[in-house]
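**Student:** Below are the structure tokens for one structure; questions will follow.
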Amino acid sequence: MKSYLNKTFVIADPQARIRTDENLLEYVMENGHPKLIPVGTNIKVTDTKVLRESVFVRADDFGWTAGNNLKHGFLNETLAVFEPQDNNQKGPNAAWDNGQFLKQITLIQIVGADNKLKYISEEIAEFYLKMVNDAQDDGVPMPLKSGFRTYPSQEHLYHGYINHLPGFNLAARPGFSNHQDGFAYDFAIGGYNGNPRYDWLKRHAPAHGFVRTVNREPWHWEYRPQVASTGAFKIPSVTDDH
Ligand SMILES: [Zn+2]
């Protein structure tokens, strides 16, 4: 699943450097300076690579450049599909809810906030992608901060939390995070009413099956089509609608 094929992207960063085919950490040089792709250049992306969790894109006319040099930063483009390889209940495709193993799910690798890789559940991908693409078409790009978390990644976050390691925040026990069932998505939203992304989701997310489910977390939206079908943008226990 490569959503970027047959689309046109625009170079937005004035320092869009071209990387060498052999080594994405090295620049193509011209007259002693890194060769740049001019701002406003339209490109077709034909391939992608991931290095240090960041996404690089290849345009046939120029070569490789970092995904965040594009307008909207290659946001919410899908790169690959990961099918379950076995039935390991603590494996990378294992979905959990409230301490219980649910099932193995297929994951889609997607570009999130800050040009970082994230994962969404294939079951809801159609609804997720329609929503974020509609938002972007309305001029409101939706950077994904946290999508599906694997059991091993939640173990990692929890280990860092209980051991007070630098850079780690409060994290649920493995199996207990509401990001382990494939239905919960955090967007880069730092406010309530008046925040353009929050306002857009409040107005449009229910039509796509998504609602808010956690107090004091305006960024956290879940696919809950039954609640959303009533037109509500949140479950009743969420009361902090500022
Ligand atoms: Zn969340």
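**Student:** In segment 179-200, what count of residues is obtained for those that are touching a helix residue (DSSP H, G or I) at 6+ places or on another chain (Cβ under 7 Å) and more than 18 Å from Asn98 (Cα to Cα)?
**Tutor:** Matching residues across segment 179-200 total 7.
**Student:** Those residues that are more than 23 Å from Lys118 (Cα to Cα) and in contact (Cβ under 8 Å) with a residue 40 or more places away in the chain, I need them from segment 187-205; list them, please.
**Tutor:** Tyr192, Asn193
**Student:** Report yes if Lys90 is surrounded by fewer than 16 Cβ atoms within 10 Å (Cβ to Cβ), of a type in the set (Lys, Arg) and either modelled with pLDDT under 95 or assigned to a helix (DSSP H, G or I) (or both), otherwise no.
**Tutor:** Answer is no for this residue.
**Student:** Anything in segment 129-149 that is within 28 Å of Pro174 (Cβ to Cβ) and not in a helix (DSSP H, G or I)? List them, or say none.
**Tutor:** Met142, Pro143, Leu144, Lys145, Ser146, Gly147, Phe148, Arg149
**Student:** Next up: Given the structure, is Asn98 on the phi > 0 side of the Ramachandran plot and over 15 Å from the mean Cα position of the chain (by Cα)?
**Tutor:** Against the criterion (on the phi > 0 side of the Ramachandran plot and over 15 Å from the mean Cα position of the chain (by Cα)), Asn98 qualifies.
**Student:** Identify, from the list Lys118, Lys44, the residue that is in contact (Cβ under 8 Å) with a residue 24 or more places away in the chain and under 30 Å from Ala172 (Cβ atoms).
**Tutor:** Checking each option against the conditions leaves just Lys118.
**Student:** Would a scan of segment 128-137 turn up a residue that is without any contact (Cβ under 8 Å) to a residue 60 or more places away in the chain and within 16 Å of the ligand (Cβ to nearest atom)?
**Tutor:** Scanning segment 128-137 turns up at least one residue that is without any contact (Cβ under 8 Å) to a residue 60 or more places away in the chain and within 16 Å of the ligand (Cβ to nearest atom).
**Student:** Out of segment 117-149, which residues are hydroxyl-bearing (Ser, Thr, Tyr) and touching a Lys or Arg at 6+ places or on another chain (Cβ under 9 Å)?
**Tutor:** Hits for segment 117-149 are Tyr119, Ser146.
**Student:** Quick test for you: out of Pro174, Pro206, Pro236, pick the one residue that is more than 11 Å from the ligand (Cβ to nearest atom), assigned by TED's automatic domain parsing to the domain that holds Ser146 and farther than 30 Å from Lys90 by Cβ. First the steps, then the outcome.
**Tutor:** Working: Pro174 fails: farther than 30 Å from Lys90 by Cβ; Pro236 fails: assigned by TED's automatic domain parsing to the domain that holds Ser146.
So the residue among Pro174, Pro206, Pro236 that is more than 11 Å from the ligand (Cβ to nearest atom), assigned by TED's automatic domain parsing to the domain that holds Ser146 and farther than 30 Å from Lys90 by Cβ is Pro206.
**Student:** For segment 106-128, does any single residue satisfy the condition of being assigned to a loop (DSSP other than H, G, I, E, B), modelled with pLDDT under 95 and either surrounded by 14 or more Cβ atoms within 10 Å (Cβ to Cβ) or out of contact with any Ser or Thr (no Cβ under 7 Å at 6 or more places or on another chain) (or both)?
**Tutor:** Here is the first cut: in segment 106-128, the residues assigned to a loop (DSSP other than H, G, I, E, B) are 106, 112.
Okay, now just the ones that are also modelled with pLDDT under 95, so none.
No, segment 106-128 has no match at all.
**Student:** Right, something else. State yes or no: is Lys145 within 13 Å of the ligand (Cβ to nearest atom), more than 17 Å from Ala94 (Cα to Cα) and among the charged types (D, E, K, R)?
**Tutor:** Here the answer is yes, as Lys145 does meet what is asked.
**Student:** Related question: Please count how many residues of segment 24-51 are in contact with a Lys or Arg (Cβ under 9 Å, 6 or more places away or on another chain), in a strand (DSSP E or B) and of a type outside the set (Val, Ile, Thr).
**Tutor:** Total meeting the criteria: 6.
**Student:** Being in contact with a helix residue (DSSP H, G or I) (Cβ under 9 Å, 6 or more places away or on another chain) and over 30 Å from Arg173 (Cα atoms), is that true of even one residue in segment 80-96?
**Tutor:** No, because not a single residue in segment 80-96 is in contact with a helix residue (DSSP H, G or I) (Cβ under 9 Å, 6 or more places away or on another chain) and over 30 Å from Arg173 (Cα atoms).
The values are calculated or read from the model by the stated rules, or taken from the named source; none is laboratory data. From a predicted model like this one, the values you see are computed outputs, not experimental measurements. Every residue, glycine as well, gets a Cβ built from its backbone with ideal geometry; the counts of neighbours run over all protein chains shown.
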